[in-house]
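To start, the structure itself, in structure tokens.
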Amino acid sequence: MNPKAGYSTPLLHVAAIEKSIEFYERLGFTTIDTDRTKPLGWARLHCEGGAVMFVRTEEPVKASAQSVLLYMYTPDLIGLRERLLASGVKVPAIGYPGYMPSGELCVADPDGYTILIGHWGKSEHEAWEKRIGAKALQALAALRAS
């Protein structure tokens with residue numbers, strides 16, 4: 001077995017971890033761990049195989065200077081959009097770009113980080129599997145097993 005890195009988790013500098021937790025919980029994340037200080041110094045959240053961590057920044061976050069965007073998926077983009085709107089999040093209309101014809105929307109978190117959310121259900125997943133072919137799926141399975 002070859003050593004490898006895994007479980008990649010974005011670590012975002014944020015102004016107020018508590019506000020970030022509240023926002024990301026609206027997206028469906030669950031807080032897994034924190035440093036338990038007041039105010040929080042760091043936190044880790046999980047959701048459907050994904051994770052994100054926050055660390056409190058000492059300086060103001062300049063969203064325009066960040067070279068990070070998060071891409072997430074949901075099997076119910078319309079329902080998630082309605083839920084976000086109902087909780088007071090500003091959410092644009094769903095767009096349908098060529099690379100995500102099933103729908104996508106773009107929101108910003110409390111620190112201005114860009115979050116793109118694409119609709120990815122069973123039919124999208126099956127079409128993707130067909131497109132990448134059996135060889136790619138076998139390679140993925142072999143990577144997971146090693």
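Conditions (1) over 21 Å from the mean Cα position of the chain (by Cα); (2) open to solvent by less than 60 Å² (accessible area, probe 1.4 Å); (3) under 19 Å from GLU25 (Cβ atoms); (4) among the small types (Gly, Ala, Ser), marked per residue:
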residue: MET100; (1), (2), (3), (4): no, yes, no, no
residue: GLY103; (1), (2), (3), (4): no, yes, no, yes
residue: ASP109; (1), (2), (3), (4): no, yes, yes, no
residue: GLY112; (1), (2), (3), (4): no, yes, yes, yes
residue: ILE115; (1), (2), (3), (4): no, yes, yes, no
residue: HIS119; (1), (2), (3), (4): no, yes, no, no
residue: ILE132; (1), (2), (3), (4): yes, yes, no, no
residue: ALA141; (1), (2), (3), (4): yes, yes, no, yes
residue: ARG144; (1), (2), (3), (4): yes, no, no, no
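Residue pairs, Cβ under 7 Å, 6 or more apart or interchain, first in segment 93-110 and free of Cβ contacts under 8 Å to residues at least 12 places away in the same chain, second surrounded by fewer than 15 Cβ atoms within 10 Å (Cβ to Cβ) and of a type in the set (D, E, K, R). List them.
Sorted first by the residue in segment 93-110, then by its partner, the list stays empty.
Would you say MET72 is under 16 Å from the mean Cα position of the chain (by Cα), within 16 Å of ALA15 (Cβ to Cβ) and not aromatic (Phe, Trp, Tyr)?
Working: under 16 Å from the mean Cα position of the chain (by Cα): yes; within 16 Å of ALA15 (Cβ to Cβ): no; not aromatic (Phe, Trp, Tyr): yes.
So MET72 does not fit the description; no.
Of all residues in segment 20-71, which are surrounded by fewer than 14 Cβ atoms within 10 Å (Cβ to Cβ) and of a type in the set (Ser, Thr, Tyr)?
Correct list: THR30, THR37, SER64, SER67, TYR71.
The values are calculated or read from the model by the stated rules, or taken from the named source; none is laboratory data. As the structure is a prediction and not an experimental result, all values here were calculated from the model. Backbone-built Cβ (ideal geometry, glycine too); neighbour counts: all protein chains shown. For the accessible areas, the whole protein counts, side chains as well, though only heavy atoms, and no ligand, DNA or RNA atoms are used. Shrake-Rupley method; radii C 1.70, N 1.55, O 1.52, S 1.80 Å.
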